[in-house]
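To keep things clear, I will list the structure first and then write my remarks on it.
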Amino acid sequence: MPELPEVETLCRQLNGILPGQEIRNVQVVDARLGLLAGLDGHRIIGVTRRGKGLCVKLENGPTVLLHLRMTGRLLWQKGASPLPSHTRLIISFAAGKLLLIDPRRFATVRLGSDPVLSVPLANPLEGLPARRLREIAAERRLPVKSFLMDQRFIAGIGNIYACEILHGAKIDPGRPAGSLTIAEWRRVERAAAAVLPRAVACRGTTVSDWRDLFGASGTNQEHLEVYAREGEVCRRCGGRIERRVMGGRGTWSCPSCQK
Ligand SMILES: [Zn+2]
């Protein structure tokens, strides 16, 4: 599933193309997406990210709210190339086409006004202040990894980056969120400030199907310390990386240096 760095990558790439362009035509290929009427002729103002979602603002029109969910991706296509399989939506401009491709069909597109995220930490790219993390996590018994991934508290972090941030912070993912000290939350703050911007600079992590707007893989998989590295050696301490299931999700950590 695309997480904050992947969606931020799309957001930045879309902003390099779309502002000022006028929508010529919208073709809904998959009826499950619903009707997207009244978009033709509107000019794009810009694109912003809300957590793992994208908001495309139109001049004198609604905002298009897009969520990629499990397997959704966006592709910018120029010229008359054949449509990739699983194309669900085609938005045409003079300069090219924006395609929504989604094999599992969980992605959603709806029209609305620009939403305000009512989440305590709405944009982890602007930082995850340790004091705020401690306040929100106080008394909570859920594992700190599940806490970092809980979109009610923090917007945009998913499985890959929760594992990587906790390795960076030397915290065991299974620790109850409320048990971390302020010093430990500061380590989480510092780790997030290193992990997330680097992943954005790398245009995301391609371990399976992630591709950016132009169909290219990201490169952050070269920087993964624990995610999907079960049985491999921890580059920090030489310990063995282990996998367990937490909240239904594969969770990787180094028991030797994450306490
Ligand atoms: Zn280690």
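Spin-label model, T48/R198: points 7 Å from Cα along the beta carbon direction are separated by 3.0 nm. The spacing between region 218-256 and region 68-89, judged by their C-alpha centroids, is 31 Å. In terms of other Cβ atoms within 10 Å, L117, L98 run from fewest to most in the order L117, L98. Here the ratio of the Cα radius of gyration of region 7-75 to 2.2 N^0.38 Å is 1.09.
Determine Rg/Rh for the chain; Rg is computed over alpha-carbon atoms and Rh is the Kirkwood hydrodynamic estimate from the same atoms. Radius of gyration over Kirkwood radius for the chain works out to 1.01. Of the beta bridges in region 4-112, as assigned by DSSP with both residues counted there, near 100 percent are antiparallel.
Farthest toward the positive end of the dipole of the chain, out of M149, Q77, I23, is the Cα of M149, where the dipole comes from beta carbon charges about the Cα centre.
For region 145-259, what is the Kirkwood estimate of the hydrodynamic radius, computed as the reciprocal of the mean inverse distance between distinct Cα atoms, to one decimal in Å?
14.5
Listed highest first by mean packing, meaning other Cβ atoms within 10 Å per residue, what order do 52-58, 67-73 come in?
Ranking the peptides 52-58, 67-73 by packing returns 52-58, 67-73.
Taking 25 °C and 0.890 mPa s as the conditions, I'd like the Stokes-Einstein D for region 1-137 in µm²/s, using the Kirkwood hydrodynamic radius from alpha carbon pairs. Answer from the Stokes-Einstein relation: 155 µm²/s.
Within the chain, how many Lys pairs sit with Cα atoms under 24 Å apart, leaving out pairs fewer than 8 places apart on the same chain? Count of close lysine pairs: 8. Near G250: Cβ cut-off under 12 Å, other residues only, Lys/Arg at +1 and Asp/Glu at -1. The net charge is +3.
Helix 159-169 and the long axis of the chain differ in direction by around 40°, with both axes built from C-alpha atoms.
One quarter of the surface of the convex hull around the alpha-carbon atoms of region 85-149 equals 7.8 nm², the direction-averaged projected area. When the helices of the chain are scored as -39500 (n - 2.57) per DSSP H run of n ≥ 4 and the total is divided over every residue, the value at 222 nm lands at -6500 deg cm²/dmol. Shown for the chain: cysteine residues without a partner Cβ closer than 4.7 Å, namely C11, C55, C163, C202. For the chain, the relative contact order works out to 18 percent when only alpha carbon pairs closer than 8 Å and six or more residues apart are counted.
For the chain, the longest principal axis of the C-alpha atoms and the axis of helix 182-201 are separated by about 40°.
We did not get these values from a lab; they are worked out from the coordinates using the rules stated. Bear in mind that the values here come from a model prediction, so they are computed numbers and not experimental data. Here Cβ is always computed from backbone atoms with ideal geometry, including for glycine, and neighbour counts include all displayed protein chains.
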